[in-house]
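Here's the structure we're looking at; comments come further down.
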Amino acid sequence: MGLLAAATTALVSGGAMMFASRERVEPVAAADPAALASLGEALYFDPNLSANRTQSCATCHDPGRGFADPGGLAASLGDDGVSIGDRNAPTASYAALVPPLHKGSDGKWAGGLFHDGRAATLEEQAGGPPLNPAETGMPDMASVAARLRENESYRTAFPATFGPGVLDDPEAAFEALARAVAAFERTDAFAPFDSKYDRFLRGEATLSDEEELGRVLFFSDQFTNCSQCHRLSRSPMDPRETFTDNRYHNIGVPENKALRVANGVAPGTVDPGLAGNPAVGSLDERGKFRTPTLRNVAVTGPYMHNGVFRDLSTVVRFYNRYNSRADAAQMNPETGQPFEFPSVPETFAVKELTHGPALDDRRVEALVAFLRTLTDARYEPLLDR
């Protein structure tokens, strides 16, 4: 399984760049954007596009569970029923607002999809899982095109949307599939901005005292370090805040030993993070992962790039351990053992993580209460489960 994991990483990294060498397939001029998104929606839910016809995009990015894995697994099970990756499936909600991978004026990397930014666009991201042996497991583009041709609706919709003969060219068919799925992922269903927090900004809802305390703490540079990485806009009242700086940080996430037992990756293996991205490759970026959005965070656990924490309160306490000298603050409440030290100390974000004073239990829970207000309206019933 260790070799499989390595092969998978290499294959998907290549898959993210697969459209760079050919002229892009563009939808025909008369195509309705809504029709393109509708086609993408059908593809998103189609399990027949996986090797064993058991897995679709929605299997690991379920719209009923914040576009995350509905089983709450640390890493999703592959179409073969055996393969397990080494990273947690991130939510696809608000992913359309992540910019392409780039270096900022300060020379630091930001943007890109997947935990290591190897996909520049939603199209490239959508093209990764179909050929990943640990995910949907299709052997090649020709096999995907053949599955598309099996479907009568696709035999009509693809030529109508992308031009005659598109399904006869495996590469063109595969790129068209990715473009349609990306169009669906750009719809408002993925980014409605209708959480209690959004309604509060519009004057349509009132935060509880605990939620308001959490909000103040979150945006305070004096009392927490949350907004250093989980805030994009300078204004704490921005109606389209995505709660991520889209940058890469090494925050010292401990190894998920249980996951490593399940997937066969050797204990102690260090995930290179951004350094493993072929477009980056610098050891200076080793152990860094893109800051995820906090929207829908309360219903899209487990947490961190490897799904090591199951409870949102544990995540806040994990950050707090860097600012507290109390022995109790150094303990992982989920294991009863001390939090581990960073596996890549040379890139550890000491300055960012040690900013601000230690938090008491009341403030930890207030931050959790605020984070729960970032849940889209459709998922609010999940908060009490």
Just a yes or no: is a residue in segment 325-346 modelled with pLDDT of 95 or more and within 21 Å of Thr244 (Cα to Cα)? no
Restricting to segment 106-131, name every residue that is among the charged types (D, E, K, R) and in a helix (DSSP H, G or I). Glu123, Glu124
Is it fair to say Arg155 is surrounded by fewer than 21 Cβ atoms within 10 Å (Cβ to Cβ) and in a helix (DSSP H, G or I)? yes
Looking at the structure I just gave you, is Pro133 farther than 17 Å from Pro47 by Cα and surrounded by fewer than 22 Cβ atoms within 10 Å (Cβ to Cβ)? no
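Does segment 110-119 include one or more residues that are at pLDDT below 95 and more than 18 Å from Tyr44 (Cα to Cα)?
Residues of segment 110-119 that are at pLDDT below 95, as a first pass: none.
Scanning segment 110-119, I find no residue that is at pLDDT below 95 and more than 18 Å from Tyr44 (Cα to Cα), so the answer is no.
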Among what's in segment 179-204 and is in contact (Cβ under 8 Å) with a residue 24 or more places away in the chain and among the acidic types (Asp, Glu), pick the residue that is farthest from Leu294 (Cα to Cα). Glu185
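Determine whether segment 247-257 contains at least one residue that is more than 19 Å from Asp116 (Cα to Cα) and outside any loop (DSSP other than H, G, I, E, B). Walk me through it before giving the result.
Looking only at segment 247-257, we keep the residues that are more than 19 Å from Asp116 (Cα to Cα), and these are 257.
Filter once more, keeping what is outside any loop (DSSP other than H, G, I, E, B): 257.
Looking through segment 247-257, at least one residue is more than 19 Å from Asp116 (Cα to Cα) and outside any loop (DSSP other than H, G, I, E, B).
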Tally up the residues in segment 335-355 that are closer than 14 Å to Pro254 by Cα, surrounded by 12 or more Cβ atoms within 10 Å (Cβ to Cβ) and among the polar types (S, T, N, Q), please. 2
For segment 323-334, which positions are open to solvent by 40 Å² or more (accessible area, probe 1.4 Å) and not in a helix (DSSP H, G or I)? Arg325, Ala326, Met331, Pro333, Glu334
Considering only segment 346-368, state which residues are in a helix (DSSP H, G or I) and under 25 Å from Phe289 (Cα atoms). Glu346, Thr347, Val350, Lys351, Glu352, Leu353, Val364, Leu367, Val368
Hey, which of the helices (runs of 4 or more DSSP H) in segment 1-101, taking only ones fully inside, have at least 2 residues that are within 24 Å of Ala160 (Cα to Cα) and modelled with pLDDT of 95 or more? 33-44
Select, from Asn263, Asn246, the only residue that is surrounded by 14 or more Cβ atoms within 10 Å (Cβ to Cβ) and more than 19 Å from the chain's Cα centre (by Cα). Asn263
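Within segment 303-313, is even one residue under 30 Å from Glu380 (Cα atoms), of a type in the set (S, T, N, Q) and surrounded by fewer than 22 Cβ atoms within 10 Å (Cβ to Cβ)?
Yes: segment 303-313 contains one or more residues that are under 30 Å from Glu380 (Cα atoms), of a type in the set (S, T, N, Q) and surrounded by fewer than 22 Cβ atoms within 10 Å (Cβ to Cβ).
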Output the number of residues of segment 356-378 satisfying the condition of being among the aliphatic types (A, V, I, L, M) and open to solvent by 40 Å² or more (accessible area, probe 1.4 Å). 1
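State whether one or more residues within segment 264-279 are in a loop (DSSP other than H, G, I, E, B) and closer than 30 Å to Phe219 by Cβ.
Within segment 264-279, the first condition is being in a loop (DSSP other than H, G, I, E, B), and the residues that meet it are 264-272, 277-279.
Okay, now just the ones that are also closer than 30 Å to Phe219 by Cβ, so none.
Scanning segment 264-279 turns up no residue that is in a loop (DSSP other than H, G, I, E, B) and closer than 30 Å to Phe219 by Cβ.
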Single residue of Leu207, Leu232, Leu217 found to be open to solvent by less than 30 Å² (accessible area, probe 1.4 Å) and either part of a loop (DSSP other than H, G, I, E, B) or without any contact (Cβ under 8 Å) to a residue 24 or more places away in the chain (or both): Leu207
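Could you tell me whether Pro272 is touching a helix residue (DSSP H, G or I) at 6+ places or on another chain (Cβ under 6 Å), open to solvent by 30 Å² or more (accessible area, probe 1.4 Å) and farther than 29 Å from Gly64 by Cα? Quick ask: steps written out before the conclusion?
Details: touching a helix residue (DSSP H, G or I) at 6+ places or on another chain (Cβ under 6 Å): no; open to solvent by 30 Å² or more (accessible area, probe 1.4 Å): yes; farther than 29 Å from Gly64 by Cα: yes.
Taking the combined requirement at face value, the residue does not satisfy it.
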How many residues does segment 247-291 contain that are within 29 Å of Gly81 (Cβ to Cβ) and among the basic types (Lys, Arg)? 2
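The values are calculated or read from the model by the stated rules, or taken from the named source; none is laboratory data. Predicted, not measured: the structure shown is a model, and the values here were computed from it. Here the Cβ is made from the backbone with ideal geometry for all residues, glycine too, and neighbour counts use every protein chain on show. Note: accessible area is taken over every heavy atom of the protein model, side chains too, but ligands, DNA and RNA are not part of it. Shrake-Rupley method; radii C 1.70, N 1.55, O 1.52, S 1.80 Å.
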